[in-house]
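Structure, as structure tokens:
No value in this document is a laboratory result; all are computed from the given coordinates. From a predicted model like this one, the values you see are computed outputs, not experimental measurements. Cβ placement follows ideal geometry from the backbone for every residue including glycine, while neighbour counts extend to all protein chains displayed.
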Amino acid sequence: MSFARTFLHTSRALSARSSINPAQQALSARGQAHFLNASRTYATAFARDKPHVNIGTIGHVDHGKTTLTAAITKRQAEKGYASFLEYGAIDKAPEERKRGITISTAHIEYQTDSRHYAHVDCPGHADYIKNMITGAASMDGAIIVVAASDGQMPQTREHLLLARQVGVKRIVVFVNKVDAIEDKEMLELVEMEMRELLSSYGFEGDDTPIVLGSALCALEDRQEEIGVKKIDELLKSVDEWIPTPERDISKPFLMSVEDVFSIPGRGTVASGRVERGVLKKDSEVELVGKNKVPIKTKVTDIETFKKSCDESRAGDNSGLLLRGVKREDVLRGMVVAQPGTTKSHRKFLTSMYVLTKEEGGRHTGFHNNYKPQMFIRTADEAATLTWPEGSEGAKDEKAIMPGDNVEMVCEINKPLAVEQGQRFNIREGGRTVATGLITRVLD
């Protein structure tokens, strides 16, 4: 795939990314519920007796992602592999219950005979794409939910693009609400269109498992053939089709902070998905980013899904209890890292692709000293883009036009823990205008 096309996929997928305060508040509330439990002193131990896989439900708003998630927990609870979570327990935020949609990512745990799953129920509503991005970035595989009555819709396509660009290699399709469709040809058409769509975004469309069923029937114990039996078929397909990931545990520990909250009497918790390495309880760490000087602290407790862990490792969704750190000193976008292994930077050389108007980008070019917003890992910062000193663009004061592949210097307002080879997105006015790669740190 060409340089431009690779970056185009990333940028189109992230084109609706925006800050939503209510959703961030909901995410914070969920963090407290799903990581360290403020009402307990001790937690059940987290067992690592099965391969761990991060998975999630993605797809268009109101196609049944949360209903399917609830149905999965119900079925697996019957087998002793989960705790049943009703729809309302997954959509916890008041705004979600009122609107009947998911606006933030919900973290759920269940098992099958062969695996342990951390399941993320992602929002499908376009207004909350930023929170969907956070959820998808933690996935090893995904279940894309498509309503048989609608077929593929805008967020169906957008979520597929995003999943591909954050590294999801395989997806299972669940065609939902088949109880509302009497015409079998309609179901065949939906399946055919989904295979074509998967192939167009680089997935194995011809071989991808597609399960046709009704999550609501499974949840309400109706029509077993399209209900509970299809949940079993779906999970069997997930077990067999989505590969067990190889975790990068040899490199120094790093976790990008997604959420922060305080527990009275215990301290400050930073939560997120571990990018690499292994961290033992009582280890020294550094909080890097947003400040020029790293904050040194110790991790006194580690939990995932209300279970205590002796260690946190690559792929885990962990909550880390930090000693002697104030809530206001820990910010989303910082990283928790092994001391001395990563640094904050403000200035770096980048290789970028600028989106065209047809790709959702700018209608016109931009010039030297362009000031957009940069998104990297879980952080976003104001940035200034300039031509490299001595370049042809700097000499000619050349405009950067949509469709260009360019080398630019990026300087952000506050330092972030960035590294050579990291991807980023450049946004302006609610849309992605460019996407690229850090090629060299300059400070």
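What to note about this one:
- A straight chain from Ser199 to Leu349 at 0.36 nm per residue would run longer than the Cα-Cα distance by 50.6 nm.
- For the stretch 344-441, the Kirkwood hydrodynamic radius comes to 13.3 Å, computed from all pairs of different C-alpha atoms.
- Separation in nanometres of the label points that stand 7 Å from Cα toward Cβ, at His363 and Glu224: 6.0 nm
- On the beta carbon distance between Ala399 and Thr300, with R0 = 45 Å, the FRET formula returns roughly 0.25.
- Inter-part distance where the stretch 352-412 and the stretch 246-315 are each reduced to a Cα centre, Å: 34 Å
- The stretch 254-337, relative contact order [Cα under 8 Å, separation at least 6], %: 41 percent
- Over the stretch 344-441, relative contact order from alpha-carbon pairs under 8 Å, at least 6 apart, %: 43 percent
- Sorted ascending by nearby beta carbons within 10 Å, beginning with the fewest, Met139, Met194, Met401 become Met401, Met194, Met139.
- By the rule of a C-alpha distance below 24 Å, with chain neighbours fewer than 8 residues away ignored, the lysines paired with Lys230 are Lys50, Lys65, Lys74, Lys79, Lys169, Lys177, Lys184.
- Ranked by how many other beta carbons lie within 10 Å on average, peptides 58-69, 277-288 from highest: 58-69, 277-288
- Counted by neighbouring Cβ atoms within 10 Å, the residues Trp387, Trp241 run from fewest to most as Trp241, Trp387.
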